[in-house]
Amino acid sequence: MKPVLSRAQSRELDRKAIQEHAIPSMSLMESAGAGAAEIVKELCAAGSRVLVGCGGGNNAGDGYVVARRLLEAGRRVSVVSLVAPARLGGDAEKNYQAHAALSAEPTLCDLDEALPLLQAELAALATSDVIVDAVFGTGLDRAVEGRFARALTLLNGSPAHRIALDVPSGLCADTGNVLGTAVLAQDTVCFAERKLGLCTSTGARHGGRVHVVDIGIPAGLAQDVGFESELVEAVDARSWLVPRSLDVHKRSAGHVLCFAGSPGTSGAALLCAQGALRSGAGLVTLAGFSETRAVLEPRVLEAMTAALDEGQLEASLDALLVRADAVVIGPGFGTGERERRVIRHVALRANKPVVVDADAITCFAQAAAELAQSSASLVLTPHPGELGRLLGCSTAEVEANRFLSATRAAKETGAVVVLKGPYSLIARAGERTWINDGAAPVLATAGSGDVLAGAVAAFACGLDAKRAAAIAVYLHALSGRLWQRHSGADRGMLAREIADGIPLAIAELASGPGMLPD
């Protein structure tokens, strides 16, 4: 696992390095700028121009180090400063002076009237050139307005490749929210550790590819700053992928019971079953009311079906539950009165792992505390809208702080909560939140969540609930990225293809070098 830090935790990490390990702050800034300069050199051709845009704080100091290091390497570099160098202080001022000793004064754009100078500098850049964003970094805590907002808009309008330092200027380092206006970077160079705000939909869109550079902080020091989130890596997922023994059989491989589908949404049940089977479940039973079974029976091959007895509903549920190792409840199941009886009985009384998805989450809208009374080991798999309904808030409020929303839901329900998205979060009360680093746009397709619910249940047959959720999310995303890599397309993947790709993702994970495909 790799730590992912908030703004406050990042500052505390620097403080501990400086005060408790006697590392000079100038050394940290020099290492940060030097590491970023190496990334810039890797990403741009030798003859390309580099424009470094500096602000007024430590991020500007990092920018001046980048500019100096690139000049020393023989690169064509110019600097535009949105803050008069006379207003710089501390390490930023010292690095400005070190840069000034090698080069001309930066183009000064500290007034509205000077913005045309920035515009002229940007107009001279081509698509092969690079802009280094060193305006704000992680320290920003208010909306970008006025001249700075106009300057960031100008940066975004350039055809040049944009590389941000630590976080794109204008992006909240904690939530990933845009503070008025933010740089749209193709790459972001994080110093020491990744920042929380980059692990969100908006953060990913503004941050692009993330590179983490070592700045000389002792290994393990991040453990002392009390970080609350960490990134799941291939090595973690691989450690949970227990090899099958030669004597495994379909019953020992796990039996997943799915309460999913209804007339009109029977595909949700089929996809859930396919997700479970492709993830290694030895047996899958699709259970529903008689009219649902009639629709499913002609379409299933590997899965079994079972009809519920409406006259003895709870007894028929218990008879099915006793034979299962893990359960899925909710995909396409419906929210009518009888469906609610099934959902409540299974979610609250099943004494085994239960994946609560889709309609089953909706049935507990604004009643999260009821789930905390469950005798089951629950895994909730909501998208932001479903989590909002569960918590009694809007989708926008969930997305405004995904980390807070996921941890709140985990605390109130006592469940493992998987908040789905480009960086899905896996949260359990009292533990660090796990972040899946496997965004793939091809996963934005109907039925994708149904496949995931089945996959989580399959892994829950043999793993702790949080690990089952995390490895299912990881492999689900990896399946999408492998398809994207092989097809060359960023859309058009079908949900059943996600399921069919999971065994290939397992093989990639088991044998690969520990990196997701590009």
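Remarks
- The set of residues in the stretch 12-30 that are touching a helix residue (DSSP H, G or I) at 6+ places or on another chain (Cβ under 8 Å) and of a type in the set (Lys, Arg) contains only 16.
- If you go through the stretch 371-394 and keep only what is under 17 Å from the mean Cα position of the chain (by Cα), hydroxyl-bearing (Ser, Thr, Tyr) and surrounded by fewer than 24 Cβ atoms within 10 Å (Cβ to Cβ), you end up with nothing.
- Count - residues of the stretch 321-345 that are within 20 Å of residue 303 (Cα to Cα), β-branched (Val, Ile, Thr) and in contact (Cβ under 8 Å) with a residue 60 or more places away in the chain: 3
- The stretch 361-412, residues that are over 23 Å from residue 448 (Cβ atoms) and in contact with a strand residue (DSSP E or B) (Cβ under 7 Å, 6 or more places away or on another chain): 371, 376, 377, 407
- Count of the stretch 179-193 residues, restricted to those that are surrounded by fewer than 24 Cβ atoms within 10 Å (Cβ to Cβ) and either within 17 Å of the chain's Cα centre (by Cα) or closer than 24 Å to residue 30 by Cα (or both), is 3.
- Top-ranked residue in the stretch 472-501 [being within 11 Å of residue 452 (Cα to Cα) and either touching a Ser or Thr at 6+ places or on another chain (Cβ under 6 Å) or among the aliphatic types (A, V, I, L, M) (or both); ranked as surrounded by the fewest Cβ atoms within 10 Å (Cβ to Cβ)]: 495
- Only one entry of 446, 427 meets the criterion of being among the hydrophobic types (A, V, I, L, M, F, W, C) and either over 30 Å from residue 321 (Cα atoms) or surrounded by fewer than 24 Cβ atoms within 10 Å (Cβ to Cβ) (or both), and that entry is 446.
- Subset of the stretch 418-472 (residues that are under 16 Å from residue 377 (Cα atoms), more than 14 Å from the chain's Cα centre (by Cα), not in a loop (DSSP other than H, G, I, E, B) and not small (Gly, Ala, Ser)): 456, 459, 466, 467
- Helices (runs of 4 or more DSSP H) fully within the stretch 40-140 counting 1 or more residues that are under 22 Å from residue 26 (Cα atoms) and modelled with pLDDT of 95 or more: 58-72, 90-100
- The set of residues in the stretch 346-370 that are closer than 27 Å to residue 467 by Cβ and either without any contact (Cβ under 8 Å) to a residue 24 or more places away in the chain or assigned to a helix (DSSP H, G or I) (or both) comprises 346, 347, 348, 349, 359, 360, 361, 362, 368, 369, 370.
- Note on the stretch 31-47: among residues that are surrounded by fewer than 22 Cβ atoms within 10 Å (Cβ to Cβ) and either touching a helix residue (DSSP H, G or I) at 6+ places or on another chain (Cβ under 7 Å) or among the basic types (Lys, Arg) (or both), the one that is nearest to residue 137 (Cα to Cα) is 34.
- Close pairs (6 angstrom Cβ cut-off, 6 or more residues apart or separate chains): more than 14 Å from residue 193 (Cα to Cα) and surrounded by 14 or more Cβ atoms within 10 Å (Cβ to Cβ) in the stretch 8-21, modelled with pLDDT of 95 or more and of a type outside the set (Lys, Arg) anywhere: 18/25
- Of all the criteria given as (1) surrounded by fewer than 18 Cβ atoms within 10 Å (Cβ to Cβ); (2) in contact with an Asp or Glu (Cβ under 7 Å, 6 or more places away or on another chain); (3) outside any loop (DSSP other than H, G, I, E, B), the one not satisfied by residue 153 is (2).
- Only residues that are surrounded by fewer than 22 Cβ atoms within 10 Å (Cβ to Cβ), of a type in the set (Ser, Thr, Tyr) and touching a residue at least 60 places away in the same chain (Cβ under 8 Å) were counted in the stretch 267-320, giving 0.
- Residue pairs whose Cβ atoms lie under 6 Å apart, sitting 6 or more positions apart in sequence or on different chains, and linking a residue in the stretch 496-513 that is closer than 15 Å to residue 485 by Cβ and part of a helix (DSSP H, G or I) to a partner that is β-branched (Val, Ile, Thr) and at pLDDT 95 or above, are 498/451.
- Sole residue being touching a residue at least 12 places away in the same chain (Cβ under 8 Å), crowded, with 23+ Cβ neighbours inside 10 Å, under 24 Å from residue 228 (Cα atoms) and not β-branched (Val, Ile, Thr), chosen from 454, 438: 438
- Within the stretch 220-266, the residues that satisfy the criterion of being polar (S, T, N, Q), buried (at least 18 other Cβ atoms within 10 Å of the Cβ) and not in a helix (DSSP H, G or I) are 229, 262, 265.
- Scanning the stretch 188-218 for residues that are in contact with a strand residue (DSSP E or B) (Cβ under 8 Å, 6 or more places away or on another chain), over 19 Å from residue 152 (Cβ atoms) and either outside any strand (DSSP E or B) or of a type outside the set (A, V, I, L, M) (or both) yields a count of 10.
The values are calculated or read from the model by the stated rules, or taken from the named source; none is laboratory data. Because the structure is predicted, anything quoted here is derived from the model rather than measured. Heads up, the Cβs are rebuilt from the backbone with ideal geometry, glycines too, and the neighbour counts pull from every protein chain shown.
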